[in-house]
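The values are calculated or read from the model by the stated rules, or taken from the named source; none is laboratory data. Everything numeric here is computed off the predicted structure, so don't read it as measured data. Here the Cβ is made from the backbone with ideal geometry for all residues, glycine too, and neighbour counts use every protein chain on show. The area values use the complete protein model at the heavy-atom level, side chains included, leaving out ligands, DNA and RNA. Shrake-Rupley method; radii C 1.70, N 1.55, O 1.52, S 1.80 Å.
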Amino acid sequence: MHVEFTPDHDLFPFEARWFTTSMGMMHYVDEGRGPVLLFCHGTPTWSFVYRRIIGALRGSYRCIAVDHLGFGLSERPEGFGYTVPELSAALGELVDHLGLVDFIVVGHDWGGPIALGAAVERSDRVRGSVLANTTYWPNTALAKRLFSAVMSSGSMQRRIVDRNLMVDRILVSKAGRVLTPAEIEHYRAVQPTPEARRALAVMPREIREAEPFLADLATSVPGNLGSKPALVIWGMRDRVFRPSDYFPGIARDFTDVEFVEVAGAGHLVQEFAPEEFAAAIATRFPA
């Protein structure tokens, strides 16, 4: 199925583009010219989360922001699993279709491992990495595994699918104070029906079920990308991705990494501090 929604041009002033992967049709935006930035969102967001950053950078960069299958304006393919490895494979097909070279991957939340999974297989074409409140190794912390188990239960899966829990409660609780009602509606409108929310229900299970994929990334990311320039932009008030739990591992795996700590930002750092996010990229990866 496809989501019938047209973003407000004042909020999302970008041309919609489409590519049919072997798994389904992906929506993306491709704005500007210059060094390539490939923006990958997490859950329950879509390319809309990068709108202000794209607006700030497209004068000097080519900004490509995808909607993963099952999210945003992309297709919800019948029979598709919406697992992290599948989403990463679909992203890789788009990278190859566009012929991207010397590109910089930008990943937030689940967008981190999805982007890095595609990048490690094309590391000779990658210029560098930007990581924002994300991880690329298995989640072994008991609290996260308990969260995964609870959110994968029948009752919580029904709340995710039937009541849009991930947007109406979790996203709003994380970033509602910095979003306007119209912006919140843009997150809600791309998940309009239970059928459209199937990917949202899969993501909590992936904390445990994507462990083999993440275990591979724990080795392949430092091996294939660890010597390339990296930038970490982190909302320091994130209670789930606490910097003390992630900074040491990233610093270990990347030999040329810079950290930008955004003191007042929570998990959705792109919404809390888009100007700082864009400026950090422009400073680390000059056009």
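Using Cα springs under 10 Å in a Gaussian network model of the chain, which residue among Ala16, Ala115, Ala210 shows the largest mean-square fluctuation?
Highest fluctuation of the listed residues: Ala16.
Among DSSP beta bridges lying fully in the chain, give the percent that are antiparallel, nearest 5.
Numbers: 9 of 33 bridges.
Bridges in the chain are about 25 percent antiparallel.
Checking the a/c ratio against 1.5 first, then a/b against b/c, what shape does the Cα gyration tensor give for region 154-287?
Details: a/c = 2.31, a/b = 1.39, b/c = 1.67.
It is oblate, given that a/c is not under 1.5 and a/b is not larger than b/c.
For the chain, which span is the longest to avoid every loop-located (per DSSP) member of GluC sites (Glu not before Pro) having at most 15 other Cβ atoms inside 10 Å?
On the way: sites that count: Glu4, Glu15, Glu78.
Within the chain, the longest run free of exposed GluC sites (Glu not before Pro) spans 79-287.
Can you pull the percent of region 16-284's accessible area that's carbon plus sulfur, 1.4 Å probe, other chains left in place?
Values: 5170 of 10010 Å².
For region 16-284, the apolar C and S fraction of the accessible surface comes to 52 percent.
For region 41-150, which chymotrypsin sites (Phe, Trp or Tyr not before Pro) are both in a DSSP coil and crowded by at most 15 other Cβ atoms within 10 Å?
Sites meeting the loop and neighbour criteria: none at all.
Could you give the size of the charge dipole of the chain about its Cα centre, using +1 on the Cβ of each K and R and -1 on the Cβ of each D and E, expressed in debye and rounded to the nearest 20? Before the final figure, lay out the partial values.
Working: 29 positive and 34 negative charges, 138 e Å.
Magnitude of the dipole: close to 660 debye.
Using only alpha carbon pairs under 8 Å that are at least six residues apart, calculate the relative contact order of region 173-287 and give it in whole percent. Don't jump to the answer; show the numbers that get you there.
Values: 101 pairs, mean separation 32.2, N = 115.
Dividing the mean separation by the residue count of region 173-287 yields 28 percent.
Highest GNM mean-square fluctuation, the chain, Cα pairs closer than 10 Å: which of His97, His108, His186?
Evaluated over the chain, the most mobile residue of the options is His97.
Among the trypsin sites (Lys or Arg not before Pro) within region 1-86, which fall in a DSSP loop and have no more than 10 other Cβ atoms within 10 Å of their own Cβ?
Working: sites: Arg17, Arg33, Arg51, Arg52, Arg58, Arg62; in loops: Arg33, Arg58.
Passing both the DSSP loop test and the Cβ count: no residue.
Summing +1 for each Lys or Arg and -1 for each Asp or Glu, what net charge is found among the other residues whose Cβ lies under 15 Å from the Cβ of Phe12?
Values: positive: Arg17, Arg51, Arg52, Arg58, Arg188; negative: Asp8, Asp10, Glu15, Asp30, Glu31, Asp67, Glu183, Glu185, Glu271.
Surrounding charge for Phe12 is -4.
So, counting K/R as plus one and D/E as minus one, what does the shell of residues with Cβ under 13 Å around Val167 add up to?
Combined, the nearby Lys, Arg, Asp and Glu give +2.
Counting helices only, and only those DSSP H runs with n ≥ 4, report the 222 nm mean residue ellipticity of the chain as the sum of -39,500 (n - 2.57) divided by its residues, in deg cm²/dmol to the nearest 500.
On the way: 12 runs with 113 residues, N = 287.
Roughly -11500 deg cm²/dmol at 222 nm, from the helical runs in the chain.
If you add up the charges near Ile233, with Lys and Arg at +1 and Asp and Glu at -1, over every other residue whose beta carbon is less than 15 angstrom from its beta carbon, what do you get? Present the calculation step by step, with values, prior to reporting the outcome.
On the way: positive: Arg52, Arg237, Arg284; negative: Asp109, Asp238, Glu258, Glu261, Glu271, Glu275, Glu276.
Summing Lys and Arg as +1 and Asp and Glu as -1 gives -4.
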